Each structure stands twice: as C-alpha cells, then as structure tokens.
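The values are calculated or read from the model by the stated rules, or taken from the named source; none is laboratory data. All values reported here derive from a predicted model rather than from experimental measurement. In this analysis, Cβ positions are derived from the backbone assuming ideal geometry, glycine residues included, and neighbour counts consider all displayed protein chains.
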Amino acid sequence: MNHITIPERREGPVDPMPKSPRPLEEGGGPRRPETESPEKDSLMKRMRKVDPKQAERYRQRTGE
Amino acid sequence: MLNRIFGLETEYGLLIHEDRPNHSPTWFAHKIRDHLFQVQRRGVLDLHHRGHDEPPGNGGFLTNAGRIYLDMGHLEYASPECHSLTDVVASDRAGDLLLQQTLEELGFSEQVSLIKNNIDHETDATFGSHENYLVSRRFPFSRRGLAPLVTFLVTRQIFTGSGRVGSAALQDAWIQTDRLLIPRSALGAHHVSEPPFQISQRADYIVNDFFEWVQHNRAIVNTRDEPLADPNQYRRIHLLLGDSNMTEYATALKLGTTGLVLQLIEEGHAPQDLEIDEPVEALQEISQDQERRWLIQLQSHKTMSAVDIQERFLDCAVQHCKGQDEETDWVLTQWASVLHDLRGDYQKLVGRVDWASKLWLLECFREAEHADWTDPMLKSLDLEYHNLNPSKGLYYGLLEEGRVPRVTTDFLIHLAMETAPKNTRAYGRSELVRHLLHERHASVADPSPTPDGLFPPYVINWSIFQVRGHAPFPMPDPFKTYLEDVRTHLDSVIV
C-alpha cells in the first residue's frame, strides 16, 4: 500500500534556539508607550479598546 | 535536550463578548472541536470511552500526534511528545493557532475569544497548564528525593509566572498528615490581604506539597503514577502548578530549567540544603510579595531570596550540565540573564517574562488613565493579555511592536500544526492518524465497525493503539518513533 509521507519538521539544519534574545531597545528594557500622546501608540490603543466589563462576562468552569 | 521527553497540556478559556449570549462557552467549544475534526479533518475522533467523562467523540488525536478534547467544558490541547525545547514550544503554539484559526474559520471571532490563561477573576475558577517530563524509573520519587524539586518549583515562578490582578479566595483543602486527611484550616492557614497584583496565576490554588488529584487539593508535585510508557523504565513527572505562558521565551525557559533540575536530581547533583520550611505558604507569599524581595524561610532557619535560591540551582546546572548539548547551553545562558535582570528593574524583562510584560502594560495604562488597582478595567486588561486573537491580544500587541524575542518561527509553528516531531513516539502515532484519515475511517458518523461489531475501527491511546480488533500495538518507549513497525502493522490490518 502507499504510505503518506510526513513532511520534514525542521528547516534543514536549524539552530534550535537563539543564542540570546533579540536585542531590545533602550539597553534591553522596554520602550515606554507614549502615554502623553496615546493616540499614536498602538499598545495604548489596544488597551483602550478593551471592554471594561469583559472580566465580569468571563465565566469559566473550574478545570484541572 | 538530553534524555528528556517534554509535553504540555493547556486548557483554554472562552470569553463571550455579548451581554446576553445565546450560547455558553461549552457550546462554542463543541463547535470548534467538531469543525476541527469533521470539516478540517485535522485528526481522528475517539470512538471509544476513554473515561467516565470522555465519551466517544469527546476528542481525538491529531496528525501532529497531539490531542484536542473537551475537559470539564474547556477546550484542551495536549502537545505530542517532544524531545527538544524547539519542538515543544512550536507544538504548544501550534495548539493555540489550530484553535484560533478554527474560531476564525467558523466566523466566531467577533463573538468569542480564546483566552490562554488559568483563572476567572469573578468566580475563582481555575484551569491548568500541565507540564510533563519523562524521567527514569530510578528517579528518587520520595519526599526526600523530591525536596530539591519542590524548592525549585516554588521559586521558579519569578520568571515563569504569568501574573494576575488580585487573588483568589482561600481554597478549601485537605492536608495529608501521616495517614490522616485533615482540613487545612485546622493547621491555622490564613489568607493575607488582597494584593493588587501577583506574579503567578496558579499559586493561590496550590494547597499541598504532594498529592495525586488534579482537580482538588492541587499540589506542587502531583504524585499520580501514570507514566504513559513502560512503567518498568519510566516515570512521568506531572506538574500542574505552572501558568500558561504567552511568551515563547518563558515557555522554553520553564521547561528547560525544570528539565535540567530533574537531571540534577536524577544524577544526585541537586543542592540538598535548600528545603523550604512551608513550601505552600512560600509559593503564595512569593507570588503576592508587592516589594518583590521574595524572601523564604528554609528548614535550616536561614532566610534566602528566590533569586539566590535559583542561582544555587543554576550554579549546579552549569557545573554538571554545561556543554552537553546546544539547548542546555541556551537554557543556562538565558537562566543567568533572567536572574540577573530580576535583581534590577522588572521592566528589563518585558517581552521575556509574562508577569513583567503584563505588569508593565497595566502600569502604563494606570499612569495614562489615572486608574487605581481597584478599577475593574484592570482585570479586563489582564484577560486581554491572554487573548489569542492577534488583532486584539495585548501579548500580540507587544509582539507586533517588536518587543518580544522569539524562540521559534512561524514556519515551524505551522509545520507543527500538521506534523509530529520526528524523533519520538509521536512520529509513529502521526503515521497512524494519517492512515486512518486517508482510509476514511475517521468519522464517528462512519465508524465502519468490524464485521462482528465487537470492536471499534480503532482505539488510540498515548502508549498503545488497536486497529479493527487486531492485536494491540504497544508503543512503550517514547524515545522510539516506531515508524516502520507502525507501517508494517497497518499493512497487515488495513485492507
């Protein structure tokens, strides 16, 4: 019978992990969002779009 | 990594965005599962009862050899067995993407969001992210042997925690003392005042150091003996105290450091003088320490910080494990880097450590909006950090801004959605699932029973499968792929 070939997982010889995190700005620390001009900052925009009541709506059952 | 098989099991929350929804989270979970198996044909649904709460059709194995199923109403994804951190991180993210893509394909993404977190702020419900590590049967699985692991696990939350706003109410718990089970309250446990923010989601729900249950009396080390492999050779260390991580970096570091500490214990090199006086209390006190000094009382009456304790484990791992393989060296380098940065401003850890990323976002919001910690918006932002919708989730906002280092690639994640790691038992199982899909025996609606009707067309479990009532095919060694044997077996049983 014909076997279905599973594609290769790795992209050739893959470096399994980076040697270190990609250098971040400002000496490895985060760049602070422009809170004084939040309309220009995508993170503040994302946060302002969040429904303030969504935590109340998030009714989950206990799992494991 | 050397001599290690890793696996992750993740339970997802479903957030419905309507005031008066027509459907429950469980209804959406069923729709997502059914679409994934019956329309996308990502895998084969179970045709047999796996347990009292897992009837036929409740879930199934995927072509990547992992599983998707419903557990206590939650969608849950279990990764395939992975022999490297690269594979387990990619496989974990593959589960996120499989579910998110299905949600979008169903047109539900405006109605409902998949939330990869572990708590419900309102009801105190919790659901897990369970870690699995294969160890030798010779692993010293006793209170004494596990003592270094407990110390490590209690303190690793300083870089593995996902953070949360507030805390859970005091959990009911029963403590095992000698042969007696007594209520925890009898030991004088008390609840500290509500913290505005804590670094771990699960710490409040861990009420024992050792116990075998997973839904109540959750313990730092789960003692259920279920190796899902040859019980004469292997034991599975099953941990349920960890948080679901959004950053790939934290996922890799959590599994990598824990794997190395298990190796230190197996080889007798773990530090033995760091036993914590009250591990469960310490777990919660570290999580809730607003000054982030993370001081712990040891049984030796010494007081040490969690960072110092972690550095002791790191020193041992450097001494005994350095150079054994590339991933080990990556873990050792990054472990040292994170511990160094934890001594300074937490903002240096944004993008690598989830609690730090979340806290930074919340502090930015509080500053901009002049919000205090009692503002209910903060709990909603807390949830949004874990939203798997890349156009909404706050973690994905950080990623989009280039503030999150990656440890895998989108290409590898997409590959892991379809295919299994090629160096573990998962590879053989993946071959089986593909054949069953190809032979059109995959649907519950078309079960094609054997002529005598006694056997389902297939029964698949982690360490064994059976096709059409033929002899069961055991796969007791997770380090073997069984690929050729599976093919030969299928040739003999599938017409």
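Here are a few things to note about the model shown:
- Evaluated against (1) farther than 22 Å from residue B:333 by Cα; (2) part of a helix (DSSP H, G or I), residue B:296 falls short on exactly one condition, (2).
- Residue-level check: of (1) under 16 Å from residue B:153 (Cα atoms); (2) surrounded by 19 or more Cβ atoms within 10 Å (Cβ to Cβ), residue B:341 misses just (1).
- Residues located in the range B:42-93, provided they are of a type in the set (A, V, I, L, M) and assigned to a strand (DSSP E or B): B:44, B:45, B:62, B:68, B:70, B:75, B:78
- In the range B:1-20, the residues that are surrounded by fewer than 16 Cβ atoms within 10 Å (Cβ to Cβ) and over 15 Å from residue B:109 (Cβ atoms): B:2, B:3, B:19, B:20
- Hits in the range B:374-384 (condition: touching a strand residue (DSSP E or B) at 6+ places or on another chain (Cβ under 9 Å) and either more than 9 Å from chain A (Cβ to nearest Cβ) or under 16 Å from residue B:243 (Cα atoms) (or both)): B:382, B:383, B:384
- Inter-residue pairs, beta-carbon under 8 Å, first without any contact (Cβ under 8 Å) to a residue 60 or more places away in the chain and in the range B:67-94, second crowded, with 23+ Cβ neighbours inside 10 Å and of a type in the set (Ser, Thr, Tyr), 6+ apart: B:67/B:77; B:68/B:77
- Within the range B:212-256, considering residues that are assigned to a strand (DSSP E or B) and more than 13 Å from chain A (Cβ to nearest Cβ), the one surrounded by the fewest Cβ atoms within 10 Å (Cβ to Cβ): B:235
- Taken over the range B:464-495, the criterion of being surrounded by 17 or more Cβ atoms within 10 Å (Cβ to Cβ), polar (S, T, N, Q) and within 14 Å of chain A (Cβ to nearest Cβ) is satisfied by B:481 alone.
Each row is one residue, and each column tells you yes or no for (1) of a type in the set (Val, Ile, Thr); (2) within 14 Å of chain A (Cβ to nearest Cβ); (3) within 25 Å of the chain's Cα centre (by Cα).
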{"residue": "B:277", "(1), (2), (3)": "no, no, no"}
{"residue": "B:281", "(1), (2), (3)": "no, no, yes"}
{"residue": "B:286", "(1), (2), (3)": "yes, no, yes"}
{"residue": "B:297", "(1), (2), (3)": "no, no, no"}
{"residue": "B:306", "(1), (2), (3)": "no, no, yes"}
{"residue": "B:311", "(1), (2), (3)": "no, no, yes"}
{"residue": "B:317", "(1), (2), (3)": "no, no, yes"}
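- Residues of the range B:279-307 satisfying the condition of being under 21 Å from residue B:163 (Cα atoms) and either without any contact (Cβ under 8 Å) to a residue 40 or more places away in the chain or among the charged types (D, E, K, R) (or both): B:281, B:285, B:289, B:291, B:292, B:293, B:295, B:305
- Residue among B:62, B:15 that alone is within 21 Å of the chain's Cα centre (by Cα) and more than 17 Å from residue B:462 (Cα to Cα): B:15
- All helices (runs of 4 or more DSSP H) inside the range B:325-443 with 3 or more residues being of a type in the set (Val, Ile, Thr): B:326-342
- Here residue B:290 meets each of (1) modelled with pLDDT of 95 or more; (2) outside any loop (DSSP other than H, G, I, E, B) with one exception, condition (2).
- Residue satisfying condition, being part of a strand (DSSP E or B) and touching a residue at least 40 places away in the same chain (Cβ under 8 Å), within set B:113, B:109: B:113
- Of all residues making up the range B:257-281, the number that are surrounded by fewer than 24 Cβ atoms within 10 Å (Cβ to Cβ) and of a type in the set (Gly, Ala, Ser): 1
- Search result, residues across the range B:37-95 that are surrounded by 23 or more Cβ atoms within 10 Å (Cβ to Cβ), among the polar types (S, T, N, Q) and more than 13 Å from chain A (Cβ to nearest Cβ): B:79
- Failed item in (1) more than 8 Å from every other protein chain (Cβ to nearest Cβ); (2) over 24 Å from residue B:242 (Cα atoms); (3) of a type in the set (D, E, K, R), with residue B:418 passing the rest: (1)
- Of the criteria (1) within 11 Å of chain A (Cβ to nearest Cβ); (2) in contact (Cβ under 8 Å) with a residue 60 or more places away in the chain, which one residue B:29 fails: (2)
- Within the range B:8-22, residues that are in contact (Cβ under 8 Å) with a residue 12 or more places away in the chain sit with their Cβ atoms under 8 Å from residues that are part of a loop (DSSP other than H, G, I, E, B) and loosely packed, with under 14 Cβ neighbours inside 10 Å, at 6+ positions apart or across chains, in these pairs: B:17/B:110.
- Members of the range B:123-149 that are within 12 Å of chain A (Cβ to nearest Cβ) and touching a residue at least 12 places away in the same chain (Cβ under 8 Å): B:124, B:126, B:127, B:128, B:129, B:130
- Any hit, the range B:104-115, residues being away from every other protein chain (no Cβ under 14 Å), surrounded by 23 or more Cβ atoms within 10 Å (Cβ to Cβ) and within 20 Å of residue B:201 (Cβ to Cβ): no
- Residues of the range B:175-186 include none that is at pLDDT 95 or above, closer than 24 Å to residue B:295 by Cβ and either of a type in the set (Asp, Glu) or not in a loop (DSSP other than H, G, I, E, B) (or both).
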